[in-house]
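> Sending over a structure as structure tokens; questions will come in a sec.
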Amino acid sequence: MADYPTPYVFVYDVFLKDAVKHVQIAPYIKTWSRAEMSGKLYQLPTGLPVVVEEEPAGKVFGEVMTFEAMDEVMEIIDSQEGYRADAPQNSRLLREIREVTLTPGGEKVKALVYLLPKEKFNAKDMYAVHAHGGDWRKFVMMPRFDGYQH
């Protein structure tokens, strides 16, 4: 069994409650809370969001969960996020520890979160659209015009 530095996992994408992959982790959830963290949320042409730590940082809204069978859950999430524990430098997203704020209570916890390394990110080349407001669920449901804006 792997040893995780924190039991908390922050999600902002397909693992959110009601989102498409949530069912895969739902049976394992012990605790759940809305949460936010510092960062910038972008949506890629694939439809998937990524968080990049760049200035000026905004807020990214998501959910923090703790799980039974952490190993199994992390395997599911790692595979979706393209994280390779055996070779983090070859990962699509990195799994890092960041401070997140549980809302509405304001309690701060250290959580595992998947980030796109700043040096690997180029909004223009990747056709990434800044998800204003930092809430992917709201962003995907927003009507938007055709064409990218950077």
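> Quick one: if you stick a label point 7 Å off each Cα along the C-beta vector at Ala19 and Tyr4, how many nm between them?
Here the modelled spin labels are 1.6 nm apart.
> For region 8-140, what is the charge dipole size about the Cα centre, in debye to the nearest 20, if Lys and Arg each add +1 at the Cβ and Asp and Glu each add -1 at the Cβ?
320
> Just tell me which lysines come within less than 22 Å, Cα to Cα, of Lys59; anything on the same chain fewer than 8 places away is out.
Lys17, Lys40, Lys108, Lys110, Lys118, Lys120, Lys124, Lys138
> Name the residue, out of Glu107, Glu36, Glu53, whose mean-square fluctuation peaks in a Gaussian network model built on the chain with Cα pairs under 10 Å.
Top of the fluctuation ranking is Glu107.
> Sticking with this structure for a sec: With springs only between Cα atoms under 10 Å, which of Tyr83, Tyr127, Tyr114 fluctuates most in a Gaussian network model of the chain?
It is Tyr127.
> Among Ala128, Ala85, Ala35, determine the one that fluctuates most according to a GNM of the chain built with springs between C-alpha atoms less than 10 Å apart.
Ala85
Read the figures in this text as sums done on the coordinates, not as results from a lab. Note that the structure is a prediction, hence the values are computed from the model and not measured. Please note: Cβ atoms are built from the backbone with ideal geometry, for glycine as well, and neighbour counts cover all protein chains shown.
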